[in-house]
Amino acid sequence: RVPPPEAFAEAVLVLRKGHAAGIERIVAFLEANGYGRANTVIEPGEYAVRGGLIDLFPAGREEPVRIDLFGDEIETIRSFDPFSQRSTATLDAVVLKPVSEVLLDEASASASHASAGAPLMVRWEGKW
């Protein structure tokens with residue numbers, strides 16, 4: 001079952017050049033909205049963090065974006081080619097939306113992370 005559109009109304013983060021955001025805040029948004037961490041961003045829904053740089057491929061964009069932070073302030077936002085890693089345009093802002101229809105609030109995200117470390121128990125009583 002897909003959540004109603006109202007559930008997604010507040011699941012948007014707008015990042016603007018010159019504004020304070022902070023890596024922790026951005027990563028928390030990405031994790032809660034279905035983005036997956038990767039070494040290199042190639043496909044929609046992926047993100048990577050290297051020092052003060054965050055590469056991410058937002059939902060609805062044709063190319064990923066690179067956010068360059070100085071401390072908590074966003075210095076630049078650029079779109080880039082995922083294969084050559086070269087910048088293709090400079091942006092003033094980028095709108096981040098969920099890439100998953102499953103939205104995690106803080107409580108369910110904590111429960112998900114806690115259960116991820118638990119061993120999977122399987123009991124099979126059949127024959128090969």
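The values are calculated or read from the model by the stated rules, or taken from the named source; none is laboratory data. Keep in mind the model is a prediction, meaning the values are calculated, not measured. Because the Cβ atoms are built from the backbone with ideal geometry, glycine has one as well, and the counts that use them run over all protein chains shown. Quick note on the areas: whole protein, heavy atoms, side chains included, nothing else; ligands and nucleic acids left out. Shrake-Rupley method; radii C 1.70, N 1.55, O 1.52, S 1.80 Å.
The set of residues in the range 10-27 being over 22 Å from residue 82 (Cβ atoms), open to solvent by less than 60 Å² (accessible area, probe 1.4 Å) and modelled with pLDDT of 95 or more consists of 18 alone. Can you confirm whether the range 65-76 contains a residue that is more than 16 Å from residue 14 (Cα to Cα) and hydroxyl-bearing (Ser, Thr, Tyr)? For the range 65-76, residues more than 16 Å from residue 14 (Cα to Cα) and hydroxyl-bearing (Ser, Thr, Tyr): absent.
When each of 68, 105 is tested for being farther than 19 Å from residue 43 by Cβ, modelled with pLDDT under 95 and more than 14 Å from the chain's Cα centre (by Cα), the lone residue that passes is 105.
Just to be sure I understand, how many residues within the range 12-55 are basic (Lys, Arg) and within 18 Å of residue 99 (Cβ to Cβ)?
Going through the range 12-55, the residues basic (Lys, Arg) turn out to be 16-17, 25, 37, 50.
After this cut, where a residue has to be within 18 Å of residue 99 (Cβ to Cβ) as well, the list is 25, 37.
So the count comes out to 2.
Here residue 1 passes the criteria (1) at pLDDT below 95; (2) among the basic types (Lys, Arg); (3) under 11 Å from the mean Cα position of the chain (by Cα) except the one numbered (3).
Name the residues in the range 45-61 that are in a loop (DSSP other than H, G, I, E, B) and under 14 Å from residue 80 (Cβ atoms), would you? Before you say what the answer is, go through the steps one by one.
Residues of the range 45-61 that are in a loop (DSSP other than H, G, I, E, B), as a first pass: 45, 51-52, 57-61.
57, 58, 61, listed by residue number.
Cβ separations smaller than 7 Å between residues 6+ apart or across chains give the following pairs from the range 47-70 residues that are among the small types (Gly, Ala, Ser) to residues that are crowded, with 19+ Cβ neighbours inside 10 Å: 48/41; 48/55; 52/69; 59/98; 59/99.
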